[in-house]
Amino acid sequence: MKQETFVYFIGTAGAGKSTLAERFHQWTNVKGIDSILVNLDPGAENLPYDPDVDIRDWISLKEVMESHELGPNGAQIACADLLAVNTDEVKESIESFKTDYVFVDTPGQLELFVFRNSGRIIATTLRPQQSVVCYLIDPILAKSASGFTSQLLLSVFTSFRLGLPQFSVLSKSDVLEKEDLEQVLSWADDAYSLESAVQSEHSSMYRQINEDIVRMLIDFQSHSKLISTGSKEFLGIEDMYTMIQMLFAGGEDVLSD
Ligand SMILES: Nc1nc2c(ncn2[C@@H]2O[C@H](COP(=O)(O)OP(=O)(O)O)[C@@H](O)[C@H]2O)c(=O)[nH]1
Ligand SMILES: [Mg+2]
């Protein structure tokens, strides 16, 4: 039986999860690696790909809105809670493809997958021993030091909740001016430069908190290994692939045969 590697794309709304999942899938096609795309967003309207496994086959946001007389926000939450009910069917459907890589696109809003129980149930049921989270940092939200720190904290919460191996990427990096991109990458390389940048944004009453936050980020190593990605020419995808191969070292590299 094939030993699939699951890659979960997680990040705030609009961070570029669906687009990056699709780009990675295309890249594997070019490289001759077998992969499938799984959509776990019941509320997805305009996906930039045609999913191989689609949660919307089991859960319809529109039907949940009608049957429970809910508005779109309430229905999104109800749908997120229903995700776990269909885990066995989703697992069976994924396994039927007998593939090497499973790219899992998660609901638009991060909290629906990370903070509610369903996400955790899915991530620990499907194939936790060969799963990795690709956490997307939205560059627009990372331009200021406090914004970037907040994004790193969200990635720590994600790792804390799901308990899976995780790495971060700076998505949509083409939307940043060159200087802003360099700034964000330099903060990612050096947590202490991030700390002093946050310090200069806030008054000194936050000094101790800033120090504590930076120490925690270093402990979680969430500040390091930030890979720049963007829609152009598969930017960063090969680095992501290498990172995943390294994480599961000892596993078979499907590219090498
Ligand atoms: N410039 C640029 N735009 C992107 C990139 N990736 C995604 N987008 C755009 O950002 C928006 C949100 O992307 P999407 O993948 O739907 O984000 P999601 O909500 O995290 O799944 C869409 O309008 C995409 O076309 C990128 O690499 N560069
Ligand atoms: Mg999406």
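The values are calculated or read from the model by the stated rules, or taken from the named source; none is laboratory data. Keep in mind it's a predicted model, so treat the numbers as computed, not measured. So basically every Cβ, Gly included, is an ideal-geometry build from the backbone, and we count neighbours across all protein chains shown.
Here S159 passes the criteria (1) of a type in the set (G, A, S); (2) in contact with an Asp or Glu (Cβ under 9 Å, 6 or more places away or on another chain); (3) farther than 22 Å from L47 by Cβ except the one numbered (2). Segment 111-221 holds helices (runs of 4 or more DSSP H) entirely within its bounds, and those carrying 1 or more residues that are closer than 17 Å to G14 by Cα and of a type in the set (A, V, I, L, M) map to 145-162.
The single condition among (1) within 16 Å of ligand 1 (Cβ to nearest atom); (2) small (G, A, S); (3) over 22 Å from S186 (Cβ atoms); (4) within 14 Å of the chain's Cα centre (by Cα) that G163 does not satisfy is (1).
Can you pull out the residues in segment 7-21 that are within 14 Å of Q151 (Cβ to Cβ), more than 6 Å from ligand 1 (Cβ to nearest atom) and not aliphatic (A, V, I, L, M)? Within segment 7-21, T12 is the sole residue that qualifies. Within segment 1-29, residues that are closer than 18 Å to E45 by Cβ sit with their Cβ atoms under 6 Å from residues that are surrounded by fewer than 24 Cβ atoms within 10 Å (Cβ to Cβ) and of a type in the set (K, R), at 6+ positions apart or across chains, in these pairs: G16/K172. Which ones in segment 53-78 are out of contact with any Gly (no Cβ under 8 Å at 6 or more places or on another chain), away from ligand 2 (no atom under 16 Å from the Cβ) and not aliphatic (A, V, I, L, M)? Scanning segment 53-78 gives D57, W58, S60, K62, E63, E66, S67, E69, G71, N73, G74.
Given the criteria more than 20 Å from F234 (Cα to Cα), among the basic types (K, R) and within 16 Å of ligand 1 (Cβ to nearest atom), does R56 qualify? Yes, satisfied.
The set of residues in segment 171-196 being of a type in the set (A, V, I, L, M) and over 23 Å from L217 (Cα atoms) consists of V175, L176. When G108 is tested against the conditions (1) within 16 Å of ligand 1 (Cβ to nearest atom); (2) part of a helix (DSSP H, G or I); (3) closer than 23 Å to L164 by Cβ, the lone failure is (2).
Note on segment 15-46: residues that are surrounded by fewer than 20 Cβ atoms within 10 Å (Cβ to Cβ), outside any helix (DSSP H, G or I) and either in contact with a helix residue (DSSP H, G or I) (Cβ under 6 Å, 6 or more places away or on another chain) or at pLDDT 95 or above (or both) amount to 3.
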